[in-house]
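Every read-out reported here was derived from the displayed coordinates using simple, explicitly stated rules and does not represent laboratory data. Keep in mind it's a predicted model, so treat the numbers as computed, not measured. With ideal geometry, Cβ positions are generated from the backbone for all residues, glycine too; neighbour counts draw on all protein chains shown.
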Amino acid sequence: MKRGEKTIQNITIANLLSMTAPYKYKSEPYTKVYSSDDWVKAALDLLGGKGSIGVFNYSTVGTHILSGVLTTATGQSVLDFATENLFKPLAIKAPTNTTIQNKEDYFAFLKDKYVTGWIVDPKEVNTAGWGLTLTTRDMAKIGQLYLNGGVWNGRQILSSQWIEDSTKVQSRSGKLTYGYLWWILDDCYAALGDGGNVIFINPQKKMVISIASRFMPRAKDRVELIRKHMMPLFE
């Protein structure tokens, strides 16, 4: 066995969900992955390195592996699975697949004011950590689904146990805490995307706030905005 192979074999789905998998890079090689013929394989090839399993290491590239796992486990595309189990029950219009092939396409997608769709790789695997376009109302519906314990219109759409597990602290980095693909913010939790896109849930106040934004480098802190100017309205 070569050095490092045991480490890679011990990486779990929970590590990918909680951002505690190690990678062979200091900064994410977006261009290398998104110009390859197989993004899942390219992301898998990046696992390992000198880092330790269990140490927080945020990676949107790594989450693409989760899409590959879902595709293999269900025998469906991520888009078809999401449409059947999430979009249709919540009356969200399913996005169409859209592709990028190089660095220019990647930045064009981020900067397009009227961008639509869900990025899909050459193997027709949809992205997990970025690349899905939703309206503010769509995002709020997903937040409300979590606030409702996975119930929508009287139907259990999502496991209440999954919601409990994914929204409690699974990993830490200094003062930052993280669940399974959710940032844990004291008594609240949130999905925080590039450019200021946010789904923010406060269970105690039964509050859901969504913000949809064009990609903005160095966007101002949306959580501060929500806590300072919006949460007081729910007193």
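Assorted remarks:
- Neighbourhood net charge (15 Å Cβ-Cβ; Lys/Arg +1, Asp/Glu -1) for Tyr30: -1
- 3J(HN,Hα) along region 164-178, derived from phi through the Karplus expression 6.51 cos²θ - 1.76 cosθ + 1.60 where θ = phi - 60°, amounts to 4, 5, 6, 10, 10, 5, 10, 7, 9, 9, x, 7, 7, 10, 9 Hz, with x in place of Gly and Pro.
- Sum of side-chain charges, Met139 neighbourhood, beta-carbon under 15 Å (Lys, Arg +1; Asp, Glu -1): +3
- Degrees separating the helix 64-74 axis from the principal Cα axis of the chain, which is the longest one: 80
- Gain on full extension, evaluated as 0.36 nm per residue between Glu104 and Trp162 minus their Cα-Cα distance, stands at 17.1 nm.
- Surrounding net charge for Asn197, when Lys and Arg each add one and Asp and Glu each subtract one, Cβ distance under 10 Å: +1
- The ranking of Ile65, Ile157 from fewest to most other beta carbons within 10 Å of each one's beta carbon is Ile157, Ile65.
- Unit charges at the beta carbon, dipole of the chain: most positive-side option, Ile142, Met19, Ile226: Ile226
- Within the same chain, aspartates and glutamates fewer than 8 places from Lys111 are excluded, and of the rest, those with a Cα less than 16 Å from its Cα are Asp194.
- Prolate/oblate/rounded label for region 134-208 (Cα gyration tensor, a/c 1.5): oblate
- Farthest toward positive dipole pole in the chain [+1 Lys/Arg, -1 Asp/Glu at C-beta], among Cys188, Ser67, Ile100: Cys188
- Vicinal HN-Hα couplings computed from phi for region 153-163 (Karplus, 6.51 cos²θ - 1.76 cosθ + 1.60; Hz; Gly/Pro x): 6, x, 10, 6, 7, 10, 4, 5, 5, 5, 4
- Evaluated with a Cβ-only charge set (Lys, Arg +1; Asp, Glu -1), region 5-66 carries a dipole of roughly 220 debye about its Cα centre, given to the nearest 20.
- Region 184-205 and region 19-41 have their alpha-carbon centroids 26 Å apart.
- Scanning residues 5 or more positions from Ser171 or on other chains, those with amide H under 5 Å from its amide H are Tyr178, with H placed 1.01 Å from N in the peptide plane.
- Cα gyration tensor shape for region 44-137, rounded if a/c is under 1.5, else prolate or oblate: oblate
- In straight-distance terms, cross-link reach from Lys26 covers every one of the lysines whose alpha-carbon lies under 17 Å from its own, apart from those fewer than eight places away in the same chain; here that gives Lys50.
- Set against the labelled values [x] 28, 22, 19; [y] 32, 18, 16; [z] 25, 19, 18, semi-axes √(5λ) of the Cα gyration tensor in Å computed from this structure falls on [x].
- When the chain is treated as a Gaussian network with alpha carbon springs shorter than 10 Å, the biggest mean-square fluctuation among Ser27, Ser36, Ser52 belongs to Ser27.
- Just so you know, the averaged projected area of the alpha carbon convex hull for region 5-66 sits at 3.7 nm².
- Overall, the chain carries a charge dipole of about 560 debye about its Cα centre when +1 sits on the Cβ of Lys and Arg and -1 on the Cβ of Asp and Glu, all other atoms neutral.
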